[in-house]
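One structure is given here, and the rest of the page talks about it.
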Amino acid sequence: MSGCCDHDDIDEVVLQVKSFRIVLWVVLLINGIMFVAEFSSAFFAGSVSLQADALDFLGDTVTYALTLMALGFSLQVKAKVAMFKGLSLGLLGLWVYGQMLYYLMQGRVPSFEIMGMMGVIAFFANLFSAVLLYRFRVGDSNMQSVWLCSRNDAIGNLAIIVAASGVFATGAGWPDFVVASIMASLSVTASYRIIRLAREELKESLA
């Protein structure tokens, strides 16, 4: 009886990995397309939060590809990949802080029309991705990191829409800088969570 149960558990894990792989390919494609669209728009808009969000799409595309490569490997390998993704998220957050200060010193006022339009498009893209990944949010560090990326991105997109409204209402660039700061903070906190979980899994794999 126990052997039958073990076999069922293995089949369930295999099915989950297959489903996760298909979803990852879909989400990777969405992120790649959105990076190209948003990155080109960010420069026309002169928006640091939009530029940061575009680079976040690029970072997600790369990390999803790494996650696909790690599927089926040992816990130690997957934990190392998750560690890399966590460190990348942290560096992205620090980069956004730097860009925010640079744009702030320049005193640029971004285009709220482009910010708002791209914010809405990016939000629905990330919302769709987050819905697809929701069932995998309690898996290993790799699965959790993918879910956290999409969740944070959707929140960041809503913030960009709010920032666009703020730029329209005030005629100043500070709402864009505030949102960029929030996005950087989300990246740093998610980075900490992913790195902590990956370290625990590394210790478990070496025990």
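The values are calculated or read from the model by the stated rules, or taken from the named source; none is laboratory data. Remember, it's a predicted structure, so these values are computed and weren't measured experimentally. Note: ideal-geometry Cβ built from the backbone for every residue, glycine included; neighbour counts use all protein chains shown.
Just to be sure before I move on: is M69 modelled with pLDDT of 80 or more and more than 20 Å from F177 (Cβ to Cβ) in the structure I sent?
Details: modelled with pLDDT of 80 or more: no; more than 20 Å from F177 (Cβ to Cβ): yes.
Against the criterion (modelled with pLDDT of 80 or more and more than 20 Å from F177 (Cβ to Cβ)), M69 does not qualify.
Can you pull out every residue in segment 112-130 that is over 13 Å from V162 (Cα atoms) and buried (at least 20 other Cβ atoms within 10 Å of the Cβ)?
A122, A125, N126, S129, A130
Out of all the residues in segment 36-58, which are among the small types (G, A, S), in a helix (DSSP H, G or I) and buried (at least 20 other Cβ atoms within 10 Å of the Cβ)?
Once the filter is applied, which keeps residues that are among the small types (G, A, S), in a helix (DSSP H, G or I) and buried (at least 20 other Cβ atoms within 10 Å of the Cβ), segment 36-58 yields S41, A42, A45, S49, A52, A54.
Return the residue satisfying two criteria in turn: it lies in segment 42-64 and is within 30 Å of A79 (Cβ to Cβ) and among the hydroxyl-bearing types (S, T, Y), and of such residues it is modelled with the lowest pLDDT.
Filtering segment 42-64 down to residues within 30 Å of A79 (Cβ to Cβ) leaves 52-64.
Filter again for among the hydroxyl-bearing types (S, T, Y), leaving 61, 63-64.
On the way: T61: 84, T63: 75, Y64: 78.
Here the answer is T63.
Are there any pairs with C-beta distances below 8 angstrom linking a residue in segment 106-121 that is under 12 Å from F177 (Cα atoms) to a residue that is surrounded by fewer than 19 Cβ atoms within 10 Å (Cβ to Cβ), with the two at least 6 apart or on different chains, and if so which?
If the second residue must be surrounded by fewer than 19 Cβ atoms within 10 Å (Cβ to Cβ), the pairs left are R108/G46; V109/G46; V109/G171; V109/A172; P110/G46.
Evaluate segment 38-51: report whether one residue or more is touching a Phe, Trp or Tyr at 6+ places or on another chain (Cβ under 9 Å), hydrophobic (A, V, I, L, M, F, W, C), closer than 15 Å to S88 by Cβ and touching a residue at least 24 places away in the same chain (Cβ under 8 Å).
Scanning segment 38-51, I find no residue that is touching a Phe, Trp or Tyr at 6+ places or on another chain (Cβ under 9 Å), hydrophobic (A, V, I, L, M, F, W, C), closer than 15 Å to S88 by Cβ and touching a residue at least 24 places away in the same chain (Cβ under 8 Å), so the answer is no.
Of everything in segment 148-177, what is buried (at least 20 other Cβ atoms within 10 Å of the Cβ) and either of a type in the set (S, T, Y) or within 14 Å of A82 (Cα to Cα) (or both)? Give them in sequence order.
L148, C149, S150
Any chance you could count how many residues in segment 77-107 are over 13 Å from A184 (Cα atoms) and loosely packed, with under 14 Cβ neighbours inside 10 Å?
4
Being surrounded by 14 or more Cβ atoms within 10 Å (Cβ to Cβ) and among the hydrophobic types (A, V, I, L, M, F, W, C) is the requirement here; does A180 meet it? Break it down stepwise before answering.
Values: surrounded by 14 or more Cβ atoms within 10 Å (Cβ to Cβ): yes; among the hydrophobic types (A, V, I, L, M, F, W, C): yes.
Criteria met by A180.
Condition check: in contact (Cβ under 8 Å) with a residue 24 or more places away in the chain and among the hydrophobic types (A, V, I, L, M, F, W, C). Does V96 satisfy that? Walk me through how you get there before you give the answer.
Details: in contact (Cβ under 8 Å) with a residue 24 or more places away in the chain: yes; among the hydrophobic types (A, V, I, L, M, F, W, C): yes.
Spelling it out, V96 is indeed in contact (Cβ under 8 Å) with a residue 24 or more places away in the chain and among the hydrophobic types (A, V, I, L, M, F, W, C).
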